[in-house]
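First the structure, which I've put down as structure tokens, then a few questions once you've had a look.
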Amino acid sequence: MHVVNDDGRRLAEDRGHKLVRYFWRMEIDLAAEPSEPKQPDGLTIRPYRPVDDDEALHAAHQQAFAEHWEFTPEPLEEWLKWRLERGDYRPELWRLATDGDEIAGAALSFGERHLGWVLDLFVVHPWRRKGLGLALLQSGFRALWRRGHTHVGLEVDS
């Protein structure tokens, strides 16, 4: 159950529930175009290529989130459908980090009017702790800015 204030938390705890984890919703108003991020050595951040990248992107996503709390694997078709059929889907907002032909991580952003949202941000295990997540986030923010989405948000599991 999601509780967003102290009174709601106390109400849930009074009924026998206990706090399990925190999720943080973060938002920013971009005042200027973000600069192009520095790419970690040996990696390239590039735009998503619809159809051509789908299988590898899905596999990387599933691998990156496999150990995440309450993760449930999804077949490629379901995973894509939930993202591609959104009214705010814009393929040019998706950014992939690659190491040769392998997808090391991605920032999958969506936007409508001035609002942008980073729905998926992930880095696959071998490439973690190298600054790639931040670089992907900055690249995603830049892509959102260029499409006019200046209020950007994301939610993370702490």
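The values are calculated or read from the model by the stated rules, or taken from the named source; none is laboratory data. Nothing here was measured: the structure is a model prediction, and the numbers come from that model. Cβ: placed from backbone, ideal geometry, glycine included. Neighbour counts: every protein chain shown. Just the protein is used for accessible areas: all its heavy atoms, side chains included, with ligands, DNA and RNA removed. Shrake-Rupley method; radii C 1.70, N 1.55, O 1.52, S 1.80 Å.
Go through the residues of the range 104-112 one by one and say whether even a single one is out of contact with any helix residue (DSSP H, G or I) (no Cβ under 9 Å at 6 or more places or on another chain) and charged (D, E, K, R).
Yes - at least one qualifying residue is present in the range 104-112.
For the range 1-40, which residues satisfy the criterion of being open to solvent by 90 Å² or more (accessible area, probe 1.4 Å) and either of a type in the set (Val, Ile, Thr) or closer than 14 Å to residue 105 by Cα (or both)?
4, 20
With the requirement that a residue be closer than 16 Å to residue 102 by Cβ and either open to solvent by 30 Å² or more (accessible area, probe 1.4 Å) or touching a residue at least 40 places away in the same chain (Cβ under 8 Å) (or both), what does the range 47-57 give you?
Quick first cut of the range 47-57, residues closer than 16 Å to residue 102 by Cβ only: 48-49, 52-57.
Those that are closer than 16 Å to residue 102 by Cβ and either open to solvent by 30 Å² or more (accessible area, probe 1.4 Å) or touching a residue at least 40 places away in the same chain (Cβ under 8 Å) (or both): 48, 49, 52, 53, 55, 56, 57.
For the range 1-101, list the strands (runs of 3 or more DSSP E) that sit wholly inside it and hold at least 3 residues that are at pLDDT 95 or above and closer than 22 Å to residue 152 by Cβ; which are they?
Details: elements: 23-29, 44-47, 94-99.
Filter on the range 1-101 gives 44-47, 94-99.
Would you mind stating whether residue 136 is surrounded by fewer than 21 Cβ atoms within 10 Å (Cβ to Cβ), within 26 Å of residue 21 (Cα to Cα), under 14 Å from the mean Cα position of the chain (by Cα) and of a type outside the set (Ser, Thr, Tyr)?
no
Another question, if that's okay. Would you check if there is a residue in the range 149-156 being in contact with a Lys or Arg (Cβ under 6 Å, 6 or more places away or on another chain) and open to solvent by 20 Å² or more (accessible area, probe 1.4 Å)?
Taking every residue of the range 149-156 in turn, at least one turns out to be in contact with a Lys or Arg (Cβ under 6 Å, 6 or more places away or on another chain) and open to solvent by 20 Å² or more (accessible area, probe 1.4 Å).
Follow-up. Residue pairs, Cβ under 7 Å, 6 or more apart or interchain, first in the range 24-43 and in contact (Cβ under 8 Å) with a residue 24 or more places away in the chain, second of a type in the set (Lys, Arg). List them.
33/142; 34/142; 36/142; 40/130
Return yes or no: is residue 144 in a helix (DSSP H, G or I), of a type outside the set (Asp, Glu) and touching a Ser or Thr at 6+ places or on another chain (Cβ under 9 Å)?
Numbers: in a helix (DSSP H, G or I): yes; of a type outside the set (Asp, Glu): yes; touching a Ser or Thr at 6+ places or on another chain (Cβ under 9 Å): yes.
The answer is yes for residue 144.
Now for a different question. Before we move on, is residue 121 part of a strand (DSSP E or B), open to solvent by 10 Å² or more (accessible area, probe 1.4 Å) and either out of contact with any helix residue (DSSP H, G or I) (no Cβ under 8 Å at 6 or more places or on another chain) or modelled with pLDDT of 95 or more (or both)?
Taking the combined requirement at face value, the residue satisfies it.
Is it true that residue 142 is in contact with an Asp or Glu (Cβ under 7 Å, 6 or more places away or on another chain) and either over 17 Å from residue 41 (Cα atoms) or surrounded by fewer than 14 Cβ atoms within 10 Å (Cβ to Cβ) (or both)?
yes
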